[in-house]
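Here is the structure we will look at.
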Amino acid sequence: KIGQADYAREVGKGALKVIEVYNGGFLGQIAQYAPVIGIDILNKTLTSVGQGSATAPVSYTSERDIAYATVRLAVLAAQDPSCVPDHIRISGTNTSWSHLAELLGKELGAKFEVKEVDDAPFRDKIEKEGDFVSALRYAYGMGHVDLTTGTANELVNPGEGLWKWDTVEEYVKKTKGLSAA
């Protein structure tokens with residue numbers, strides 16, 4: 001991705017503003033991919049990767065919020081390219097596996113357990129096979145998808161004056177406790 005952005009900047013010769021947007025996970029896909037990322041609704045268990053990973057913040061942004069932010073960045077960059085950094089982070093909502101377990105418990109009226117598993121097997125799969133799912137789960141557990149600091153949220157949506165960011169709390173309610181899982 002970085003190579004593509006550098007290439008676009010080179011080809012654009014300054015006439016094209018290239019902005020790399022980092023948005024964390026897609027909020028609207030948690031339910032769809034719940035079993036793959038360690039969320040087992042049937043057995044009321046969330047499994048995070050790594051010691052202490054249950055409380056690691058994970059950033060998610062809804063697809064709608066990503067679209068709004070992208071449009072806003074385009075408008076801002078068209079008005080004054082220097083006001084928009086080349087690399088930005090947006091974070092519509094944040095959670096941890098522990099917090100998500102609480103939300104699911106409230107929504108479904110059951111206690112959810114959070115288990116932390118050793119990260120070594122995941123690191124092995126990443127190194128030996130380049131396994132994307134293992135890399136994603138490892139990144140979540142190690143806090144690498146915590147985009148809560150240094151976001152451009154205020155740049156694109158000052159004081160939530162243009163729209164309200166979607167939250168994980170709303171998403172859990174809307175999906176009736178990730179019922180799509």
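The values are calculated or read from the model by the stated rules, or taken from the named source; none is laboratory data. Every value quoted in this text rests on a predicted model; they were computed, and no experiment measured them. Note that we place each Cβ from the backbone using ideal geometry, even for glycine, and neighbour counts take in every protein chain shown. Surface accessibility is based on the protein's heavy atoms, side chains included, excluding ligands, DNA and RNA. Shrake-Rupley method; radii C 1.70, N 1.55, O 1.52, S 1.80 Å.
Please calculate how many Å² of accessible area the chain carries per residue, with a 1.4 Å probe and no DNA, RNA or ligand atoms counted.
Accessible area per residue, the chain: 54 Å².
As a test of the definition: which semi-axes, in Å, follow for the stretch 15-91 when you take the square root of five times each eigenvalue of its alpha carbon gyration tensor? Largest first, please.
Result for the stretch 15-91: semi-axes of 34, 14, 8 Å.
What's the FRET efficiency of residue 133 with residue 26 using the Cβ-Cβ distance as r and R₀ = 22 Å, to the nearest 0.05? Could the numbers behind the result be given before it?
Details: r = 15 Å, r/R0 = 0.67.
After rounding to 0.05, the efficiency reads 0.90.
Using Cα pairs closer than 8 Å and at least 6 residues apart in sequence, work out the relative contact order for the chain, in percent.
Details: 287 pairs, mean separation 59.8, N = 181.
The value is 33 percent.
Can you give me the % of accessible surface on the chain that is carbon or sulfur? Probe 1.4 Å, all protein chains present, nothing else counted.
Numbers: 5460 of 9850 Å².
Reported share for carbon and sulfur atoms: 55 percent.
How far is helix 132-141 tilted, in degrees, relative to the longest principal axis of the Cα atoms in the chain, given as a value from 0 to 90 rounded to the nearest 10?
Roughly 80 degrees between the two axes.
How many Å³ per residue does the convex hull of the Cα positions in the chain occupy?
Working: hull volume 21.9 nm³, N = 181.
In the chain, the Cα hull volume divided by residue count equals 121 Å³.
If packing is taken as the average number of other Cβ atoms within 10 Å across a peptide's residues, how do 33-42, 75-84, 96-105, 118-127 rank, most packed first?
On the way: 33-42: 16.4, 75-84: 12.3, 96-105: 19.9, 118-127: 14.8.
Highest-to-lowest ranking by the protection proxy: 96-105, 33-42, 118-127, 75-84.
Does anyone have the angle between helix 120-129 and the longest principal axis of the chain? Alpha-carbon axes, 0 to 90°, nearest 10?
50 degrees
Can you list, largest first and rounded to whole Å, the semi-axes you get for the stretch 91-181 by taking the square root of 5 times each eigenvalue of its Cα gyration tensor?
27, 22, 11
For the residue pair residue 173 and residue 83, what label-to-label distance in nm results when each label sits 7 Å from Cα along the Cα-to-beta-carbon direction?
Distance between the two pseudo-spin positions: 3.4 nm.
Could you give the size of the charge dipole of the stretch 1-145 about its Cα centre, using +1 on the Cβ of each K and R and -1 on the Cβ of each D and E, expressed in debye and rounded to the nearest 20?
280 debye
Under 29 Å between alpha carbons, and skipping anything fewer than 8 positions from residue 173 in its own chain: which lysines qualify?
Cα-Cα hits under 29 Å: 44, 106, 111, 115, 164.
Taking θ as phi - 60°, what are the ³J(HN,Hα) couplings along the stretch 33-38 by the Karplus curve (6.51, -1.76, 1.60), each to the nearest whole Hz, with x for Gly and Pro?
These are the phi-based 3J(HN,Hα) values: 9, 3, x, 5, 9, x Hz.
For residue 148 and residue 102 in one chain, what is 0.36 nm times their gap in residues minus the Cα-Cα distance, to one decimal in nm?
Length gained between residue 148 and residue 102: 14.5 nm.
Give me the one-decimal nm value for the distance between modelled label points at residue 118 and residue 74, 7 Å along each residue's Cα-to-Cβ direction.
Result: 4.9 nm between the two label points.
For the chain, take the longest principal axis of its alpha carbons; what is the angle in degrees between that and the long axis of helix 97-108, to the nearest 10 within 0 to 90?
So the helix axis and the longest Cα principal axis differ by about 70 degrees.
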